[in-house]
Amino acid sequence: MDTRTLGRTGQESSVLTLGAIVLDWLSQGGANQAVELALSRGVNHIDVAPTYGDAELKLGPKLREHREEGFLGCKTNERTYEAASAELDRSLNRMGIDHIDLYQFHGLERAEELDTITGDDGALRAFREAKEEGVIDHIGLTSHGHPDLVHDAIDRIDDLETVMLPMNFTVAGSDDADHDYASVLDRVRAEGMGAIGIKAFAKGPWPPTDDLPKANRPYATWYEPYDTQSDVGDCLDFALSQGLTTVTNAGDPKLLAMILDAAERFSELSDEEQEELVERGKSEESPVPAQLG
């Protein structure tokens with residue numbers, strides 16, 4: 001599997017990141033197999049969060065076994081100093097490790113959150129202290145919507161090293177400010193930061209629950225995913241052709257093997273091929289911005 005440099009972190013990340021949310025849907029034995037499968041196929045970047053159910057716990061055994069082989073990203077939704085410090089400690093304890101390579105402000109959605117994060121008693125102070133102590137190595141940010149707010153965060157957090165952002169051909173075909181992640185990606189790359197893609201495999205929002213109850217959805221994902229090998233390959237090739245460093249898999253373990261196959265076969269798309277996919281994406285409803293659920 002190809003690798004790319006994750007900005008100024010210097011990490012050579014595989015073009016596919018194992019989004020460990022898939023582990024929450026598996027037994028411990030199944031989770032162990034999923035991690036081993038990803039590592040055996042060349043994945044060396046793993047992403048997890050405390051909001052992913054038991055994913056941290058289920059990742060722990062294989063993570064500890066292969067700790068030097070993998071670059072670990074984790075996140076917090078906490079915005080204050082004390083809460084972020086406590087959640088960092090909890091994540092370390094749940095995974096049974098002593099440091100995290102990349103710690104990220106998770107799901108920034110409102111300007112008030114950014115004010116709190118960067119304030120005197122904000123989470124940024126906790127991140128910086130943890131970095132000084134060697135508990136984390138790098139600081140990042142994730143966003144599921146509001147590109148303008150990501151630009152503000154980059155302006156205000158001068159030691160930000162990575163941004164996780166939505167990128168797919170449906171988002172690229174939506175020509176308005178709410179979907180202008182192309183400008184965010186351009187900014188991230190220009191400033192030497194790493195760019196991690198999410199929602200690369202999103203076809204669109206799930207139908208309303210009155211039409212398709214959550215219990216009847218075929219996949220445990222926040223959006224309806226593309227689910228054929230051809231479409232999944234198009235999704236991954238498009239996202240990586242935009243200049244992302246790496247892309248996370250969809251959140252259902254049933255799609256993992258297919259996405260690993262696509263990552264091994266990745267090839268850069270021509271401008272014409274990208275334009276064809278953007279035109280195709282215009283017929284779908286964008287999965288961002290949207291609340292998780």
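Please treat every number below as a calculation from the coordinates, not as lab data. All values derive from a computational prediction rather than experimental measurement. Every residue, glycine among them, receives a Cβ derived from its backbone with ideal geometry; neighbour counts consider all protein chains shown.
Here are the numbers for the structure shown:
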quantity: Cα gyration tensor of the chain - equivalent ellipsoid semi-axes, whole Å, descending; calculated: 27, 23, 19
quantity: Gap separating the Cα centres of segment 27-85 and segment 89-115, nearest whole Å; calculated: 12 Å
quantity: Listed peptides 227-237, 39-49, 9-19, 261-271 by packing density, highest first (mean Cβ within 10 Å); calculated: 9-19, 39-49, 227-237, 261-271
quantity: At q = 0.13, 0.18, 0.23, 0.29 Å⁻¹, base-10 log of I(q)/I(0) for segment 1-57 (Debye sum, equal scatterers on each alpha carbon); calculated: -0.35, -0.63, -0.88, -1.10
quantity: Zero-based 10 Å bins, Cα pair distances in segment 1-116, whole percents; calculated: 13, 44, 33, 9, 0
quantity: Kirkwood Rh in Å, taken over all unlike Cα pairs in segment 124-265; calculated: 16.5 Å
